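Got a structure for you, written out below as structure tokens; questions coming shortly.
The values are calculated or read from the model by the stated rules, or taken from the named source; none is laboratory data. Fair warning: this is a prediction, and the values are worked out from it, not measured in the lab. Cβ placement follows ideal geometry from the backbone for every residue including glycine, while neighbour counts extend to all protein chains displayed. Ligands, DNA and RNA are stripped out before the accessible areas are found, and what is left, the full protein with its side chains, is counted by its heavy atoms. Shrake-Rupley method; radii C 1.70, N 1.55, O 1.52, S 1.80 Å.
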Amino acid sequence: MLELNQLRNNREGIVKSLNKRRFAQAKELIDQIIQLDDDRKSTQSKNDELLAESNQISKQIGALMKEGKKEEAEKIKIRSAALKAESKVLSESLVSIEEELKQILYKIPNTPNDSVPDGATSEDNEVVYEHGSTPQLAPDAVPHWDLIKKYDIIDFDLGNKVTGAGFPFYKGKGARLQRALVNFFLDEAIKAGYVEVQPPIMINEESGYGTGQLPDKDGQMYHVTEENYFLIPTAEVPITNMYRDVILESKELPVKHVGFTPCFRREAGSWGAHVRGLNRLHQFDKVELVQIHHPDNSYKALKEMCEYVQGLLEKLGLQYRVLNLCGGDLGFTAAQTFDMEVFSAAQQKWLEVSSVSNFETFQANRLKLRYRGEDKKMHLLHTLNGSALALPRIVASILENNQTPDGIKMPEVIVPYTGFDMIS
RNA sequence: AGAGGAGUGGCAGAGCGGUCGAAUGCACUGGUCUUGAAAACCAGCGUACCGCGAGGUACCGGGGGUUCGAAUCCCUCCUCCUCUGCCA
């Protein structure tokens, strides 16, 4: 959620910035917001005056009652009743103005950072870095959905039977490979100074609003209606919400957490022929990084997180590239996002395996996540997060890129974790 | 899940219909004293909104109600504790 002050003071700049993400209604919505906020202020002022008078009268009544002047007290009670009726009207309208204001604020996405490239679709994302070269595979190399059948390590049919599409079983060395990668990712993050957390994988509605999944992505999360809980689409949600309604001391910054969780996504409307095998699932595992920073440091942290994720990909020996997402492809809550894509040699296609974002104050504003500045005043913090890494597509590219006539060779760094160096 | 008890400022803990945004202690910040520190003493010490300011308004787990007036009474939800039941 953008800050009201910013909308008032930097209206033109924000409209221009939102233009970069092709958000056409910016001007109109901001005008509505400013109008509503003006209404809110004047309504509150009037109401406060009424309440102030009412409080005065109540005190007088108290004093009169004490002195035993019942008659006089009764007399001014009449005035008090009138004030109360008037104030009730104003209070109700204040509540509805605030609600309307909030609803409009919820509709406005975050403003892209200046270094976000202009552009409308994923076609316009800027490739800022490339690493590695495409492995030379044998002519009979096959995509991972064939490999997992051949070696019987991941079973979609079983998942279909037991749950439904997009909920595969990992079996034998497939399960061990996945667990090995999770442990490798967690250990690396801990070495890099992240504090591990194991969060709940269901969240309440408030948390959904806190990080911005609600109301924007309502319908993309699995909803447990009995309790009004949601299955998390990413560990970002519970981990960042640890800091909802929190005031941090400067000396507590930065906050760095890593968490491993399954992630659940309904992916409503996004299914198609191009998402075979592990490319898109309803349930998948992910190790997620979350950082909270002083506003001055967040972009430096964003850079460091990207470099950290790149380091993981390099250790796994995967060819990858880094994209600076263009305005039109940016997620609702992000001010800037770098996507890491690995090249899947058998599919001849780039697969997104990590998304590292700075949300600036967008989430913090909803979360009320603040720190006390040098000026002794409260300020919003910056939140960031990134996948490090999402498992299925990493597994897919390891399987595809490392296939040999004798089996699938494991990257060296994870052999201590898997306990085997070959799936055959 | 049932019965009982409880939720107050960073923490502990008073208040149980008016003068309470809330005693007191601890913690914290500034000052005095001291070579320095400790101790002692003095002062300060929640958040949000409105207002140029003086100041005003709201908030005592959340929401609603009674009342001229609610931290205090009533309803409801949530959380925690104790006992009983169930169970990884």
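Quickly run through the stretch A:165-180 and pick out the residues that are at negative phi and open to solvent by less than 50 Å² (accessible area, probe 1.4 Å).
A:Phe167, A:Pro168, A:Gly174, A:Ala175, A:Leu177, A:Gln178, A:Ala180
If you go through the stretch A:371-384 one residue at a time, do you hit one that is closer than 25 Å to A:Leu323 by Cα, within 20 Å of the chain's Cα centre (by Cα) and open to solvent by 10 Å² or more (accessible area, probe 1.4 Å)?
Yes, there is a match, as at least one residue in the stretch A:371-384 is closer than 25 Å to A:Leu323 by Cα, within 20 Å of the chain's Cα centre (by Cα) and open to solvent by 10 Å² or more (accessible area, probe 1.4 Å).
Next question. Would you please list the contacts, defined by Cβ atoms under 8 Å and residues six or more apart or on different chains, that run from a residue in the stretch A:61-90 that is over 11 Å from A:Leu51 (Cα atoms) to a residue that is more than 9 Å from RNA strand B (Cβ to nearest atom)?
A:Leu64/A:Lys70; A:Leu64/A:Glu72
With the condition kept exactly as written, say whether any residue in the stretch A:72-83 is closer than 27 Å to A:Leu367 by Cα and either surrounded by 12 or more Cβ atoms within 10 Å (Cβ to Cβ) or more than 10 Å from RNA strand B (Cβ to nearest atom) (or both).
No, there is no match, as no residue in the stretch A:72-83 is closer than 27 Å to A:Leu367 by Cα and either surrounded by 12 or more Cβ atoms within 10 Å (Cβ to Cβ) or more than 10 Å from RNA strand B (Cβ to nearest atom) (or both).
Okay, residues lined up against (1) touching a Leu at 6+ places or on another chain (Cβ under 6 Å); (2) in a strand (DSSP E or B):
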| residue | (1), (2) |
| --- | --- |
| A:Glu314 | no, no |
| A:Gly317 | no, no |
| A:Glu352 | no, yes |
| A:Val356 | no, yes |
| A:Tyr371 | yes, yes |
| A:Asp375 | no, no |
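Restricting to the stretch A:42-71, give me the number of residues that are at negative phi and either hydroxyl-bearing (Ser, Thr, Tyr) or more than 6 Å from RNA strand B (Cβ to nearest atom) (or both).
Qualifying residue count, the stretch A:42-71: 20.
Can you confirm whether A:Glu98 is within 16 Å of RNA strand B (Cβ to nearest atom), free of Cβ contacts under 8 Å to residues at least 40 places away in the same chain and either of a type outside the set (Ser, Thr, Tyr) or open to solvent by 50 Å² or more (accessible area, probe 1.4 Å) (or both)?
no
Any residue at all in the stretch A:114-125 that is over 27 Å from the mean Cα position of the chain (by Cα) and open to solvent by 30 Å² or more (accessible area, probe 1.4 Å)?
First, the residues of the stretch A:114-125 that are over 27 Å from the mean Cα position of the chain (by Cα): none.
For the stretch A:114-125, residues over 27 Å from the mean Cα position of the chain (by Cα) and open to solvent by 30 Å² or more (accessible area, probe 1.4 Å): absent.
Give me a count of the residues in the stretch A:156-192 that are under 16 Å from A:Leu391 (Cβ atoms) and acidic (Asp, Glu).
Matching residues across the stretch A:156-192 total 2.
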